[in-house]
């Protein structure tokens, strides 16, 4: 494995150029830019108005807020059920058979760049290289870039010591802020030589034919197809209750929600790994926003606003699940914070957003990206009210649920929770994983962790918006990868 030592001045110029391209392609529409005057007024003004109304008209304001919250919950539950029904009705995935994937002569395949960002992960580098060596793609058409931070001595040393026949080049990302995955990806893109590019995380184990399948999907797909997302599943997903929850959640996302979004013509928030892009389209939108901590979601929206299409390919990458609660909360906080960053950036110019996406996809974007972390925070409030009522029978709680508001809240609570648990059970049946049945039935406990992570994300959005919560890898057993998906 070759470590490429780019001169400091050249490396810093390449990085500065990369980070400037997304701003040039989307002026004022990156997470690095401050909120607009209107957004600042709304972010401070709305809570202030609510507090004033609660002080002047406590009963009426409380009832209004409770009713509004219940309606929003009802809308999101209806939306999720709609997505599941759409996914069960139609499979939008692009299916490329093994024979079709192998039928393309090696010399007719495009050069494929594989970007693999890693930071402080020396323990997974050898497993990563082994996984990449299993890729069924001609070596002379591969351009693999391992993106390591220049001060990450341990990982750089481990990578340099590995002997492989793969054309892997180690690129050292210059020091600087923000220290994020998209910043490293932007730097790597400056040195990419491929017509197509994909991103793998250091612990990923992609299905060997995945690059060939993606290349055929792009060849046979419409010209506007700019990205295909492979499915993600977990190895070691049976280790504890948390990993079972995590596995069931990912399976629901890639088996039901993501296909449902595609069938319904919605805005697609990409996952952070195993996305395959046309390099030309990626460069047209400026690459990744280095300041957005959920860069995949943001990039998916920007590609669609620019008129590009996104597809789902029937190929799977095995990942390592979080086995530790603290580690999980940190990762989920980053995801939620990035969703909020993406939402706030994209709605800076609401008329332009509707013009680019249309009303229907804009509604999808609000319900699925904007409200997901906010409703997780709201859960804590409503659960708190329920606990107070059960333990004290406080009159003020009863006063917040008069008449129709009470029946609406009960319906949302009963039918909404039942629907979400049922969706998880449907997932278990689809992927034939009866070992996840108990975890699915206990999934309301998982929602508590989600709410804690969402609250943490909201706080961090204000106090430390660009901080990247590092996920610790190498905790699960990768030997399960090449058996059945677990």
Discussion item. Residues to consider are 251, 202, 214; find the one that is assigned to a helix (DSSP H, G or I), touching a strand residue (DSSP E or B) at 6+ places or on another chain (Cβ under 9 Å) and modelled with pLDDT under 95.
Written reply: 251
Fill in: Among (1) loosely packed, with under 13 Cβ neighbours inside 10 Å; (2) touching a helix residue (DSSP H, G or I) at 6+ places or on another chain (Cβ under 9 Å); (3) free of Cβ contacts under 8 Å to residues at least 40 places away in the same chain; (4) part of a helix (DSSP H, G or I), the one test that residue 59 misses
(3)
Discussion item. Show the residue pairs meeting these rules: Cβ distance below 7 Å; 6+ apart or different chains; first residue within the stretch 163-175 and on the phi < 0 side of the Ramachandran plot; second residue in a loop (DSSP other than H, G, I, E, B) and buried (at least 16 other Cβ atoms within 10 Å of the Cβ).
Written reply: 164/1; 168/1; 170/1; 171/191; 172/150; 173/150; 174/150; 175/150
Discussion item. Criterion first (farther than 30 Å from residue 35 by Cα and assigned to a helix (DSSP H, G or I)) does residue 419 satisfy it?
Written reply: yes
Discussion item. From the list 178, 174, 206, exactly one residue is out of contact with any helix residue (DSSP H, G or I) (no Cβ under 6 Å at 6 or more places or on another chain) and surrounded by fewer than 21 Cβ atoms within 10 Å (Cβ to Cβ). Which is it?
Written reply: 178
Discussion item. If I filter the stretch 261-282 down to residues being over 21 Å from residue 201 (Cα atoms) and either more than 16 Å from the chain's Cα centre (by Cα) or free of Cβ contacts under 8 Å to residues at least 40 places away in the same chain (or both), which single residue comes out as surrounded by the fewest Cβ atoms within 10 Å (Cβ to Cβ)?
Written reply: 280
Worksheet item: Considering the stretch 17-40 alone, what residues qualify as being free of Cβ contacts under 8 Å to residues at least 40 places away in the same chain, loosely packed, with under 12 Cβ neighbours inside 10 Å and either touching a strand residue (DSSP E or B) at 6+ places or on another chain (Cβ under 9 Å) or in a helix (DSSP H, G or I) (or both)?
Response: 37, 40
Worksheet item: Can you tell me which of 193, 113 is touching a strand residue (DSSP E or B) at 6+ places or on another chain (Cβ under 7 Å), surrounded by fewer than 16 Cβ atoms within 10 Å (Cβ to Cβ) and either outside any helix (DSSP H, G or I) or without any contact (Cβ under 8 Å) to a residue 40 or more places away in the chain (or both)?
Response: 193
Discussion item. Take the residues in the stretch 66-99 that are farther than 30 Å from residue 384 by Cα and touching a helix residue (DSSP H, G or I) at 6+ places or on another chain (Cβ under 6 Å); name whichever of them is surrounded by the fewest Cβ atoms within 10 Å (Cβ to Cβ).
Written reply: 90
Item to complete: Report yes if residue 13 is assigned to a helix (DSSP H, G or I), touching a helix residue (DSSP H, G or I) at 6+ places or on another chain (Cβ under 6 Å), free of Cβ contacts under 8 Å to residues at least 40 places away in the same chain and farther than 22 Å from residue 352 by Cβ, otherwise no.
Response: no
Worksheet item: Do you know which of the residues in the stretch 131-162 that are touching a helix residue (DSSP H, G or I) at 6+ places or on another chain (Cβ under 7 Å), touching a residue at least 40 places away in the same chain (Cβ under 8 Å) and in a loop (DSSP other than H, G, I, E, B) is nearest to residue 15 (Cα to Cα)?
Response: 162
Worksheet item: From 415, 445, 375, 371, which residue is surrounded by fewer than 18 Cβ atoms within 10 Å (Cβ to Cβ), modelled with pLDDT of 90 or more and over 30 Å from residue 208 (Cβ atoms)?
Response: 445
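The values are calculated or read from the model by the stated rules, or taken from the named source; none is laboratory data. No experiment lies behind these values; they were computed from the predicted model shown. Glycine gets a Cβ as well: all are built from the backbone with ideal geometry, and neighbour counts include every protein chain shown.
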